[in-house]
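Here the structure comes first, spelled out in structure tokens, and everything after it is commentary.
The values are calculated or read from the model by the stated rules, or taken from the named source; none is laboratory data. Because the structure is predicted, anything quoted here is derived from the model rather than measured. Don't worry about glycine lacking a Cβ; one is built from the backbone with ideal geometry, like all the others, and counts go over all protein chains shown.
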Amino acid sequence: MRIKRLILSILTIVTIAFISFSLISSVTQPQIQSRLELYQTNLLLHAGEWEPKDLDSKNFNLASDALIGNDSEQAGLIQYKNARYSAQKQLEKQENKLQFLSLEEGITAQTQKLNDDINQLKSLINEFDLNIGILQIQKNKINAARQSWQNLTESETGNQPLGKTAKVLAEIWSTPGKISPNAESLIQQNLDGWFRYHALQELYKLQEREEDLAQLQNQEQEIAAQAVLKLAIVTGVPGMGLVFGVGLLIFLGVQWLIFGKESLLLKNANLPWQVNWDGETILQVFVVGFFLVGQIIVPLGLEIFKSFINLQPAMMGVRVQAGYILSAYILFSLGGLLVLYLSLKSFFPLPEGWFKLNLRGGWFLWGLGGYFLALPMVILISLINQQLWQGQGGSNPILPIALNGQDGLALALFFITASIAAPVFEEVMFRGFLLPSLTKYMPIWGAIIASGFLFAIAHLNISEVLPLAVLGIILGVVYTRSRNLLSSMLLHSLWNSGTLLSLYVLGSGNS
């Protein structure tokens, strides 16, 4: 027993060190939210071009203002300037880090990575300058647009495709306009979506290509109509859920004031679990099941497997990546559940109420209601969190792949991972085991908060700790009130499914 405790103590220390290092490392990593905001801005710009011919103009204007706003170009300009400012701050931080590194031993892996990050940030800023210039042109800020493009043509990328594209744009919108021989190819290659449309539109006008211009405008109207639908899905549906969630919060608050302990919010609030094991068992499940299996054994085994079949990351298409992520998560889950089973085996049969999965009762309403309650609370914390981290702090690595992977099979695999496998495994571990186990040492409300923060920390991205902690706390409240894991699994699945749907819709509109 002493050897077991010594090993567990060492693993616990290593786990804490690993988690701390991962959270600190995530500080400089970009958030997916920053990209999502730009993707949504691009949809907004497309939607602003929509001119339906069969709608009443007054009603259309009201609906358009509600969904799109009355000045999508100004909103886009603000968003892109904010993104550029954030990228510039990141660039300065990375350049300062590079200056502090010793280069006496030549180029190290760390300096090479910093150089790669710096080059990527510079390229991103240049792309922003191209787009900002076009937005400024649309707002009749001619001199500001020329300055944006001049900075790009005079920089070290002036002879590169982006610099050449900036020069072409400046010539097109000069007085009189000029046309370079390779103008159209540069625009097609280096501009996307709404920005490409407006650049080509101005080019075709200068070239007096009426037929091509009409075709381009018809294509944009089709894209704009799709963008309106996508915006309705991404913003309208959650917006309605947000309103319903606020109403539900008010209702539950009033009911609590009237009925007190008999209210829905306090149902089963102080009903304890019988916990027959101690803190050592709790540590064993999470240190061995989550850390040892999830962070060492499974990743190491998969790396050996990839080396054996000579599978390189560059060879992995989005379907292969999605399948790989699902396989890794299933192996991780099975390992964690096996450790949980072996840790609790000596306590079988478990007392009544543990790991309850009951298809009867009001679990569906608890899960659905919890989802609507989570919307306003998590969104509010996320808005505060974005101001705190300014686009930094890391994100779940699945999200960028799902955002860019516009493939039906890949999306189905991501759905199985995020909306089925993750809710089942994480709810069994965090709400089914951890939360009730903690009630041996603290009141139920304390266990809900503690398990919620541990759930957030386990995702290893510092910018996600607060929003995920709030979600984890709501999951804990739903589970303790319903006493049915199906309710928290449903809430968890709905939340992840909503995130995946938004990623897919936003990704499909970024072209």
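Here are a few things to note about the model shown:
- Wholly enclosed helices (runs of 4 or more DSSP H) of segment 1-76 bearing at least 3 residues at pLDDT 85 or above and β-branched (Val, Ile, Thr): 2-25
- Any pair with Cβ under 7 angstrom, 6 or more apart, that starts in segment 41-61 at a residue that is in the same structural domain as residue 194 (by TED's automatic domain parsing) and aromatic (Phe, Trp, Tyr) and ends at one that is in a loop (DSSP other than H, G, I, E, B) and at pLDDT below 80: 60/52
- Only one of 333, 346, 327 that is among the polar types (S, T, N, Q), surrounded by 14 or more Cβ atoms within 10 Å (Cβ to Cβ), without any contact (Cβ under 8 Å) to a residue 40 or more places away in the chain and in the same structural domain as residue 454 (by TED's automatic domain parsing): 327
- Subset of segment 388-427 (residues that are in a helix (DSSP H, G or I), at pLDDT below 75 and more than 13 Å from the chain's Cα centre (by Cα)): 389
- Of the listed requirements (1) free of Cβ contacts under 8 Å to residues at least 24 places away in the same chain; (2) assigned to a loop (DSSP other than H, G, I, E, B), residue 355 misses just one: (1).
- Candidates 282, 296, filtered to the one that is aliphatic (A, V, I, L, M), exposed (fewer than 14 other Cβ atoms within 10 Å of the Cβ) and closer than 20 Å to residue 13 by Cα: 296
- Residue 322 meets the conditions (1) assigned by TED's automatic domain parsing to the domain that holds residue 427; (2) free of Cβ contacts under 8 Å to residues at least 40 places away in the same chain in every case but one. The failed one is (2).
- Remark: residue 327 matches the filter, which requires a residue to be in a helix (DSSP H, G or I), under 27 Å from the mean Cα position of the chain (by Cα) and hydroxyl-bearing (Ser, Thr, Tyr).
- In this structure, residue 486 does not satisfy being under 30 Å from residue 41 (Cα atoms) and of a type in the set (A, V, I, L, M, F, W, C).
- Of all residues in segment 470-486 being closer than 14 Å to residue 445 by Cβ and of a type in the set (Gly, Ala, Ser), the one that is farthest from the chain's Cα centre (by Cα): 476
- Options 435, 506; residue that is within 22 Å of residue 355 (Cα to Cα) and either at pLDDT below 90 or outside any loop (DSSP other than H, G, I, E, B) (or both): 435
- Consider segment 430-483 and keep the residues that are hydroxyl-bearing (Ser, Thr, Tyr) and closer than 20 Å to residue 371 by Cβ. The one that is surrounded by the fewest Cβ atoms within 10 Å (Cβ to Cβ) is 480.
- Leading residue by the ranking (farthest from residue 298 (Cα to Cα)) among those in segment 308-362 that are among the charged types (D, E, K, R) and modelled with pLDDT under 90: 360
- Test: residue in segment 203-214 that is within 36 Å of the chain's Cα centre (by Cα) and not aromatic (Phe, Trp, Tyr): no
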